[in-house]
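First comes the structure, then the notes that go with it.
The values are calculated or read from the model by the stated rules, or taken from the named source; none is laboratory data. Computed from a prediction, not measured in an experiment: that's the story for all the values here. Cβ coordinates were reconstructed from backbone atoms using ideal geometry, including for glycine residues, and neighbour counts include every protein chain displayed.
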Amino acid sequence: MANEFLTQCEIAVNTAAGRKLSEQEMESLVRDMNDTTNRILAGNEALSLEEAALRAADELTNADKLAKVIEARNKALNTRIAAQRLSDLRTTWKDRPDIGLEAILVGRNDARTGSRRSVASEVAQLRGKYHAGINYDFDKAGLVKFISSGSNDREIADAMWRIGRGQSTDGMTKQSVDAANIIMKWQESARIDENRAGAWIRKVPGYIVRQSHDILKIRSAGYEAWRDSILPRLDDVTFEGVADREQFMRNVYNGLASGVHLTTEKPDWMNGFKGSQNAAKRASQERVLHFKDGISWHEYNQQFGTGSLREAVFGGLNSAARTTGMMRVLGTNPQNMFNYLAESISHDLSKSGTPAAQADFSEKVRKLKKNTLTQVDGSLNIPGSVGWANASANIRGWLRMSQLGGAVISSFNDVPISATEMRYQGQNFMGALLGAMKGRFSRFNSAEEKEILSSIGVYSDTMTQEIIRRMSGDDSLSGKMGRAQQIFFKYNLMNFWTESGRNSNAMMITNWLAKNAEFPYANLTEDLRRVLDIHGIGDAEWNIYRGMDMADSEGRKFMTTSGIRSVPDDVIASYVESKGIKVTDRSIADARDSLEGQLRGYILDRLNIAMSEPGDRTQALMKFGTVPGTVAGEAVRFAGQYKSFTASFLQN
């Protein structure tokens with residue numbers, strides 16, 4: 001009788017699906033139905049089994065619909081991005097498509113439209129947005145010392161957990177609650193950016209930060225000690241749908257100890273993401289480990305994570321910036337998109353070029369994949385041996401401290417380099433030279449200056465390092481070395497020199513843009529038009545920027561990204577329409593975000609060149625496709641540890 005019922009069930013399911021499901025698909029559906037029904041019954045014992053089953057069916061149906069919606073949305077996003085990138089390669093980079101592919105990844109200095117707009121540029125501007133925003137809010141609320149002390153991590157984490165679950169924060173200090181709200185504000189901003197770029201990250205009640213796991217700590221403890229420590233701290237929701245808890249925990253441990261965060265089960269709506277290299281899928285996957293409360297999370301993080309809430313917060317924001325930047329430029333599956341673009345150009349060459357040209361292009365694409373794409377997506381930083389990589393990094397840190405005591409004296413050549421970049425943008429060289437020198441000894445402490453720097457993503461990189469490293473809970477050798485280097489570069493004045501240089505150069509760049517805002521694009525100097533053009537800023541974008549409200553400080557005007565908020569919707573709507581996009585509330589909001597990011601990306605990119613700071617292109621060149629923790633990788637890193645400034649200067 002039971003077999004007859006199952007047969008009738010299978011017939012009904014196959015009819016609804018429109019095809020015969022495989023045995024594996026049928027088993028998965030039955031298991032999901034049972035798990036969902038049991039979860040609903042556990043949450044409401046008053047329901048009958050039939051009512052719970054009906055609700056479970058609705059939930060699974062909605063999940064399937066959501067998966068289809070996500071897949072359709074991402075297909076549309078990827079189709080649009082592929083068309084844009086391929087068009088650029090076939091027109092702007094028609095004679096050198098290999099350089100065009102490199103420009104898409106890390107930017108190039110070639111005087112061609114959009115040559116500096118890249119994955120690296122987009123990641124950098126997003127990182128600047130998040131870091132500067134959260135640092136400015138901490139500073140404005142007077143919480144920098146409170147956050148950086150490290151002694152308040154436990155209460156802040158618990159406050160985040162309570163706020164996320166809608167629970168009372170009575171009995172907690174106001175500073176902890178304020179800090180929790182600021183962190184959650186910027187994590188939510190990053191989540192929204194990722195979702196708009198193609199991810200689908202749902203809000204999880206009680207979410208604190210992206211969980212960190214220290215591979216060495218986990219390995220040295222062993223499975224039993226790790227399991228016995230974490231099990232009492234996990235919420236029961238962790239084991240929903242898990243038949244064998246021991247095997248589940250073993251799988252998670254093996255994944256963490258090997259450096260691969262293993263997700264043993266994924267929600268049904270994840271079917272909307274296709275491909276093993278899908279950035280949107282990785283960003284959207286739900287947490288495997290759910291902690292009972294913020295204190296449980298903090299205790300685990302102290303024992304097996306980075307040991308610092310601040311490091312976890314900034315690490316999560318960095319990860320979000322990289323994921324979002326990759327998806328905005330290369331779609332939800334960056335590796336597949338890159339392969340598609342390369343194969344399309346290779347196909348073009350097979351028709352119009354010689355076999356030698358096609359072979360040369362293929363070899364250059366191979367090198368880009370090995371050296372550059374891996375640098376941009378972060379995989380080049382995954383160590384072959386964690387222990388060896390940490391030991392080598394500590395040795396290099398010791399060498400830096402023993403050999404760079406007087407580094408600030410040899411850094412005065414930064415000033416003419418900055419002036420040279422300002423001259424490239426059309427400014428007077430001598431005026432820029434005097435401004436750069438004066439700026440090196442300025443503090444930029446006024447409220448207006450702080451707001452300007454925050455808007456453009458430059459606000460106190462030193463503060464970020466101070467928040468992360470001061471009194472860090474990480475007692476590993478790497479953590480101690482990191483703190484030692486931070487103290488060393490603080491007292492040899494390199495932190496001050498670098499920070500004041502970034503601030504002064506950023507102010508000069510934005511002030512120069514504001515001075516030229518009175519001129520239409522066609523009347524700008526040739527130098528400024530050229531540098532704007534390589535960042536994709538043309539007549540349409542410039543007309544919007546020059547019409548913004550300018551920031552003001554000490555009687556000087558500055559063009560900042562915060563001015564985008566003052567631009568009327570009808571102006572943005574006209575811009576959207578000129579791009580051939582249907583005008584909707586969503587398209588207007590997206591265009592406003594894009595214009596803001598484009599201006600921030602321009603400022604930060606020119607700033608990095610003015611400072612000769614090594615970007616992803618320089619890093620890719622210097623690493624030769626090697627990873628840390630290997631013989632070749634460590635040899636390359638030791639040989640190049642003092643060469644990044646020179647390499648960056650020569651490239652830019």
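Are any residues in the stretch 545-565 outside any loop (DSSP other than H, G, I, E, B), touching a helix residue (DSSP H, G or I) at 6+ places or on another chain (Cβ under 6 Å) and under 20 Å from ASP590 (Cα atoms), and if so, which ones? Matches in the stretch 545-565: THR561, SER562, ILE564.
Looking only at the stretch 595-651, filter to residues that are among the aromatic types (Phe, Trp, Tyr) and more than 18 Å from the chain's Cα centre (by Cα); which one of those is surrounded by the most Cβ atoms within 10 Å (Cβ to Cβ)? The extreme case among them is PHE645.
Based on what the data block shows, is LYS203 outside the structural domain of ILE81 (by TED's automatic domain parsing), assigned to a helix (DSSP H, G or I) and either modelled with pLDDT under 85 or under 27 Å from the mean Cα position of the chain (by Cα) (or both)? No, not satisfied.
Selection over the stretch 291-308 of residues that are part of a helix (DSSP H, G or I) and either of a type in the set (S, T, N, Q) or without any contact (Cβ under 8 Å) to a residue 24 or more places away in the chain (or both) gives a count of 4. Residue check: ARG196 meets all listed conditions (1) in contact with a Lys or Arg (Cβ under 7 Å, 6 or more places away or on another chain); (2) under 25 Å from MET326 (Cα atoms); (3) basic (Lys, Arg) but one, namely (1). Here THR510 fulfils each of the conditions (1) touching a residue at least 12 places away in the same chain (Cβ under 8 Å); (2) surrounded by fewer than 19 Cβ atoms within 10 Å (Cβ to Cβ) apart from (2).
Kindly list the number of the only condition in (1) under 30 Å from LEU77 (Cα atoms); (2) crowded, with 22+ Cβ neighbours inside 10 Å that fails for ASP110. It fails just one condition, (2).
Among residues that are under 23 Å from ASN318 (Cα atoms) and either of a type in the set (Phe, Trp, Tyr) or surrounded by fewer than 20 Cβ atoms within 10 Å (Cβ to Cβ) (or both), GLY171 is not included.
The single residue among SER446, SER392 that is within 29 Å of GLY133 (Cα to Cα) and not aliphatic (A, V, I, L, M) turns out to be SER446.
Looking at the structure I just gave you, is VAL177 at pLDDT 80 or above and either among the hydrophobic types (A, V, I, L, M, F, W, C) or touching a Pro at 6+ places or on another chain (Cβ under 8 Å) (or both)? Here the answer is yes, as VAL177 does meet what is asked. Might you let me know whether the stretch 143-154 holds any residue that is at pLDDT 95 or above and under 23 Å from ARG310 (Cβ atoms)? The answer is no, given that none of the residues of the stretch 143-154 is at pLDDT 95 or above and under 23 Å from ARG310 (Cβ atoms). Within the stretch 201-210, restricting attention to residues that are within 14 Å of ALA320 (Cβ to Cβ) and touching a Gly at 6+ places or on another chain (Cβ under 9 Å), the residue that is surrounded by the most Cβ atoms within 10 Å (Cβ to Cβ) is VAL209.
Of all residues in the stretch 392-413, which are among the small types (Gly, Ala, Ser) and either in contact with a Ser or Thr (Cβ under 9 Å, 6 or more places away or on another chain) or at pLDDT below 85 (or both)? Answer for the stretch 392-413, where residues must be among the small types (Gly, Ala, Ser) and either in contact with a Ser or Thr (Cβ under 9 Å, 6 or more places away or on another chain) or at pLDDT below 85 (or both): ALA393, GLY397, GLY405, GLY406, ALA407, SER410, SER411. Comparison of ASP539, ASP549, ASP590 shows that the only residue that is at pLDDT below 95, over 26 Å from GLY435 (Cα atoms) and surrounded by fewer than 21 Cβ atoms within 10 Å (Cβ to Cβ) is ASP590.
When the stretch 363-392 is filtered for residues that are small (Gly, Ala, Ser) and buried (at least 19 other Cβ atoms within 10 Å of the Cβ), the ones remaining, listed by number, are ALA389, SER392. What residue, among those in the stretch 428-479 that are surrounded by 14 or more Cβ atoms within 10 Å (Cβ to Cβ), at pLDDT 85 or above and of a type in the set (Gly, Ala, Ser), is nearest to TYR136 (Cα to Cα)? Taking the candidates together, the pick is SER454.
For (1) surrounded by 21 or more Cβ atoms within 10 Å (Cβ to Cβ); (2) modelled with pLDDT of 85 or more; (3) under 22 Å from ARG196 (Cβ atoms); (4) not acidic (Asp, Glu), each residue gets a yes or a no:
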| position | (1), (2), (3), (4) |
| --- | --- |
| SER276 | no, no, no, yes |
| PHE291 | yes, yes, no, yes |
| GLY294 | yes, yes, no, yes |
| HIS298 | yes, yes, no, yes |
| GLU311 | yes, no, no, no |
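Within this structure, GLY259 fails the test of being at pLDDT below 85, crowded, with 21+ Cβ neighbours inside 10 Å and either of a type in the set (Val, Ile, Thr) or not in a helix (DSSP H, G or I) (or both).
Annotation: of all residues in the stretch 142-166 being out of contact with any helix residue (DSSP H, G or I) (no Cβ under 8 Å at 6 or more places or on another chain) and of a type in the set (S, T, N, Q), the one that is surrounded by the most Cβ atoms within 10 Å (Cβ to Cβ) is SER149.
So that you can scan it fast, the table gives a plain yes or no per residue for (1) in a helix (DSSP H, G or I); (2) surrounded by 17 or more Cβ atoms within 10 Å (Cβ to Cβ):
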{"site": "GLU188", "(1), (2)": "yes, no"}
{"site": "ALA199", "(1), (2)": "no, yes"}
{"site": "LEU231", "(1), (2)": "yes, no"}
{"site": "ALA243", "(1), (2)": "no, no"}
